[in-house]
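Asker: Questions regarding the structure given below will be posed in turn.
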Amino acid sequence: MRKIAVYGKGGIGKSTLTSSIAAAVANEGYRVMQIGCDPKADSTINLTGGKQVTPIVQYILKNGECDELDEIATIGYKDIVCFEAGGPSPGMGCAGRGIVTAFELLDELDAFEKYNPDFVFYDVLGDVVCGGFAMPIRNGYADEVIIVTSGEKMALFAAGNIKMAVDNFKERNNVNLLGVILNKRNVPDEDMIVKEFVCRADTGLIGVVPRDSNIQKYENQNMTVIEGDRTLDISLKISEIAKKIIESGDISD
């Protein structure tokens with residue numbers, strides 16, 4: 001089982017890209033789980049045909065406890081198991097604490113043992129890499145990290161903070177930075193800027209995702225571009241990234 005945390009600045013397109021990669025990995029015949037770690041609880045919506053996944057924090061707040069995974073899990077495209085951590089109402093609590101609560105419950109209910117995924121993708125907000133938002137790498141839930149960035153200044157600033165967080169936990173939890181994905185915003189010299197960042201970070205460029213209106217076209221239909229039309233150029237590029245991720249490690253353990 002490979003557990004991969006995908007980090008990036010809010011608004012960088014990380015959730016859309018993570019879902020598309022998850023769909024592409026599932027198309028290769030692997031069992032996949034995606035866990036949204038954002039209080040908006042919208043990470044997996046393109047995998048479920050628009051069906052809202054019950055946020056774990058909200059379920060616990062309403063019911064006091066949860067005894068069955070079926071109450072909080074939704075099975076999406078290609079049998080991808082979808083969870084959403086959720087969080088408190090805006091201004092009413094700590095979103096990072098919501099992630100802690102969600103992860104503790106998934107452990108208690110043996111979610112990984114029940115579904116036995118080959119790949120787990122954690123979709124994590126990367127503007128603030130502290131507290132609960134760092135839990136996937138701080139507490140050993142994720143073994144690998146992918147950073148999604150553009151060539152924009154603030155996206156790269158967040159990417160740099162994420163890299164420092166990975167370095168801080170590398171020795172303690174043996175977490176590995178798998179590499180960087182450039183999700184293009186068509187800023188001047190974007191490829192060169194991101195390649196320079198990758199070089200400074202001493203990592204690799206997993207792939208480049210160009211801007212493509214087909215992503216939004218199928219997102220408006222509550223699906224990933226992979227599900228919408230896997231023959232499109234953009235779908236083929238994302239599928240290549242997925243294959244590169246698959247080939248980067250051994251999931252036999």
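Asker: Can you confirm whether the range 25-42 contains a residue that is under 19 Å from Arg211 (Cα atoms) and out of contact with any strand residue (DSSP E or B) (no Cβ under 7 Å at 6 or more places or on another chain)? Give the steps one after another, and end with the answer.
Answerer: Of the range 25-42, the ones under 19 Å from Arg211 (Cα atoms) are none.
No.
Asker: Restricting the search to the range 74-89, which residues are touching a strand residue (DSSP E or B) at 6+ places or on another chain (Cβ under 7 Å), at pLDDT 95 or above and buried (at least 21 other Cβ atoms within 10 Å of the Cβ)?
Answerer: Gly76, Ile80, Val81, Cys82, Phe83, Glu84
Asker: Here's a follow-up. Residue pairs, Cβ under 7 Å, 6 or more apart or interchain, first in the range 154-174 and crowded, with 18+ Cβ neighbours inside 10 Å, second acidic (Asp, Glu). List them.
Answerer: Here the result reads Ala158/Asp127, each pair linking the range 154-174 to a residue that is acidic (Asp, Glu).
Asker: Quick check on the range 184-226: of everything there that is in contact with a Leu (Cβ under 6 Å, 6 or more places away or on another chain) and under 27 Å from Gly76 (Cα atoms), which residue is surrounded by the most Cβ atoms within 10 Å (Cβ to Cβ)?
Answerer: Looking only at the range 184-226, we keep the residues that are in contact with a Leu (Cβ under 6 Å, 6 or more places away or on another chain), and these are 194, 197-198, 203, 208, 214.
Of the ones still in play, those that are also under 27 Å from Gly76 (Cα atoms) are 208, 214.
Working: Val208: 17, Asn214: 14.
If we take residues in the range 184-226 being in contact with a Leu (Cβ under 6 Å, 6 or more places away or on another chain) and under 27 Å from Gly76 (Cα atoms), then Val208 is surrounded by the most Cβ atoms within 10 Å (Cβ to Cβ).
Asker: Of everything in the range 37-49 that's at pLDDT 95 or above and small (Gly, Ala, Ser), which residue is surrounded by the fewest Cβ atoms within 10 Å (Cβ to Cβ)?
Answerer: In the first step, residues of the range 37-49 are kept if they are at pLDDT 95 or above; the result is 43-49.
If we keep only those that are small (Gly, Ala, Ser) too, we end up with 43, 49.
On the way: Ser43: 29, Gly49: 13.
Among them, the one singled out is Gly49.
Asker: Of the conditions (1) assigned to a loop (DSSP other than H, G, I, E, B); (2) at pLDDT below 90; (3) more than 16 Å from Met1 (Cα to Cα), Gly151 fails just one. Which one is it?
Answerer: Result: Gly151 passes all but (2).
Asker: Any residue in the range 42-65 that's acidic (Asp, Glu): show its pairings with residues that are modelled with pLDDT of 95 or more at Cβ separation under 6 Å, as long as the two are six or more apart or on different chains.
Answerer: Pairs found: none.
The values are calculated or read from the model by the stated rules, or taken from the named source; none is laboratory data. All of these numbers come straight from a predicted model, not from anything done at the bench. In this analysis, Cβ positions are derived from the backbone assuming ideal geometry, glycine residues included, and neighbour counts consider all displayed protein chains.
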